[in-house]
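The values are calculated or read from the model by the stated rules, or taken from the named source; none is laboratory data. Note that the structure is a prediction, hence the values are computed from the model and not measured. All Cβ positions, glycine included, derive from the backbone under ideal geometry; neighbour counts span all protein chains shown.
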Amino acid sequence: MNRKTIGQKSLLIPSIDSFKWKIELDKVDILNRNLLDHIISIKTNSATGEVLEEKPIQANSLQIQFNNYNIHFAINKMFGVEYLIVLINSKLLEENYLSGISQRNIESIYNQLMDCKVFECSYPLFLDGIVSDIDIKKDLEVDTTAEFDSFTKQLELATLPNRKSKQGCNRFQQKSNKGIEWNSRASSSYSKPFLKIYHKGVESMNSKNHEFFNTYLDLATISKRIRIECTMKSKEEMLKHKIKGNKLRDLMSADVSTLNNVLIHSLTTNLVKRTPPTRTKTKEQMSPQDLALFILLTNMIKEQQYDFETTLNYILGYYDNKDSKSRMKKKLTEIYESQIQGQIYEVKTQKMNNFFKDIGWG
C-alpha cells in the first residue's frame with residue numbers, strides 16, 4: 001500500500017497516537033546497563049499515594065536514535081518499587097504513522113523495542129504492561145487554512161467558561177502550527193480533559209518534526225489534514241470510558257467506537273451543546289424592515305461565522321415578551337430560508353457544520 005493510500009484510509013478513524021508504558025523492573029531483563037543511570041523523580045502524597053509531580057521522562061531518559069525520531073527509556077521508583085518506563089508513539093510505525101497504534105500493529109512495535117537491546121521480555125508480558133497518558137487522535141481534512149481559522153474561532157466562542165488556572169481554551173496561530181486546545185495536558189482529568197485540534201499539514205512543514213514527516217510521509221497528501229487529539233491519563237479514566245483495565249492488552253482491545261466516544265466526551269465537556277439548523281431554499285422581495293433584519297443575519301453568519309440557530313437564539317434573547325419573540329422568530333426564519341440559504345457564505349457555514357460533525361461536536 002503506497003503512502004497516499006495509507007493516509008486516505010486513516011481519515012476519520014480514531015486510533016492511539018501515543019502512551020506511556022511501564023512494568024516492574026524485576027520482571028524484565030536489562031540488556032543496556034546505561035538505563036540504570038536514568039531515574040525519574042516522582043513526588044507523591046504519602047497518605048493517599050496520589051502522584052503530585054512527575055519529572056517528564058524526556059528530561060532524564062536513555063534515548064535510542066532512529067532515522068529522525070527516537071525512543072525514550074527510563075526508570076522510576078514509587079513506594080520502593082522500581083519500574084521500567086518507555087514512551088511509545090506512532091512515529092515507531094514510520095510509513096504507517098498516520099494509521100496510529102492498534103491491535104494490528106502493536107506486535108511490530110514490540111519487535112522494534114526488542115531490537116533496541118535495552119531490555120528484554122516476552123510479548124505476552126509486554127501486553128501485561130501498564131499504560132497511562134494515552135493520546136487518542138482522529139484526522140480529517142479542511143480545504144484551506146483560512147477555513148480552519150474560522151472553525152477554531154467558532155470553537156473558541158463556543159467554549160464553556162472557566163476561570164481556573166490551566167483550564168479553559170487557548171487558540172493559537174504560530175508558524176509551527178495553528179489550532180485550539182483546552183485545559184493542560186499535565187493536569188488533564190475526566191471532568192476537565194485535555195483536547196487539542198490542530199493543523200497537521202502546517203505542523204508537518206514547519207515544526208521540529210518536519211524531517212520525520214518528510215522522510216516517511218507524502219507531505220502533499222497531508223497538506224489539508226487536521227488532527228483532533230485528547231488524553232486519558234489514568235486507570236480511573238479508562239474505566240469510565242468503558243475500557244476494562246489499564247494494561248496494554250486492555251487498551252488494544254478498545255474498538256473504534258470506544259475511542260471515538262472518548263473524543264466526543266472531550267468535546268462535549270469543553271463546549272456548549274450544539275444543534276445544527278434545518279435548511280430550505282426560496283426567493284422573495286424584502287421590505288425595508290426585512291432588509292434590516294437581513295443585514296443583521298448576514299453580518300452574523302458571514303462575518304462572525306455563526307450558524308443560523310446560534311444567531312437566532314442570540315437575537316431572540318433580547319425579547320422578553322413571548323408573542324413578540326414568536327413573531328420575530330418566524331420572521332427571522334423566513335428571511336433566512338428565503339434570502340440567505342444558498343448564498344456562498346452559507347455554503348461556507350455548511351462546511352463548518354460538516355467539520356463540527358466530523359470531529360464529534362453535533
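What to note about this one:
- Strands (runs of 3 or more DSSP E) completely within segment 1-66 that count 2 or more residues being surrounded by 10 or more Cβ atoms within 10 Å (Cβ to Cβ), modelled with pLDDT under 80 and not basic (K, R): 42-44, 51-54
Residues are listed down the side, and each one gets a yes or a no for (1) at pLDDT below 95; (2) within 15 Å of the chain's Cα centre (by Cα); (3) among the aliphatic types (A, V, I, L, M):
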| residue | (1), (2), (3) |
| --- | --- |
| K91 | no, no, no |
| S102 | no, no, no |
| Q112 | no, no, no |
| C116 | no, no, no |
| Y123 | no, no, no |
| V131 | no, no, yes |
| I134 | no, yes, yes |
| L157 | yes, no, yes |
| N170 | yes, yes, no |
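- Against the conditions (1) modelled with pLDDT under 95; (2) in contact with a helix residue (DSSP H, G or I) (Cβ under 7 Å, 6 or more places away or on another chain), M232 satisfies every one except (1).
- Some residue of segment 179-186 being within 26 Å of Q305 (Cβ to Cβ) and at pLDDT below 95: yes
- Restricted to segment 168-236, the set of strands (runs of 3 or more DSSP E) holding at least 2 residues that are without any contact (Cβ under 8 Å) to a residue 60 or more places away in the chain and not assigned by TED's automatic domain parsing to the domain that holds S18 is empty.
Residues checked against (1) within 15 Å of the chain's Cα centre (by Cα); (2) buried (at least 18 other Cβ atoms within 10 Å of the Cβ); (3) among the β-branched types (V, I, T):
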| site | (1), (2), (3) |
| --- | --- |
| I88 | no, yes, yes |
| D143 | no, no, no |
| W182 | yes, yes, no |
| S189 | yes, no, no |
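- Close contacts from segment 291-313, counting a first residue that is under 15 Å from K325 (Cα atoms) and a second that is loosely packed, with under 14 Cβ neighbours inside 10 Å and hydroxyl-bearing (S, T, Y), with Cβ to Cβ under 6 Å and a gap of 6+ residues or different chains, come to E309/T275.
- Qualifying residue in segment 68-77 (condition: modelled with pLDDT of 80 or more, over 29 Å from P124 (Cβ atoms), of a type in the set (S, T, N, Q) and part of a loop (DSSP other than H, G, I, E, B)): yes
- Candidates F172, F126, filtered to the one that is closer than 27 Å to S204 by Cα and among the hydrophobic types (A, V, I, L, M, F, W, C): F172
- L251 passes every criterion in (1) crowded, with 17+ Cβ neighbours inside 10 Å; (2) outside any helix (DSSP H, G or I) apart from (2).
- Among the residues of segment 101-160, those that are within 30 Å of Q304 (Cβ to Cβ), of a type in the set (D, E) and part of a strand (DSSP E or B) comprise D139, E141.
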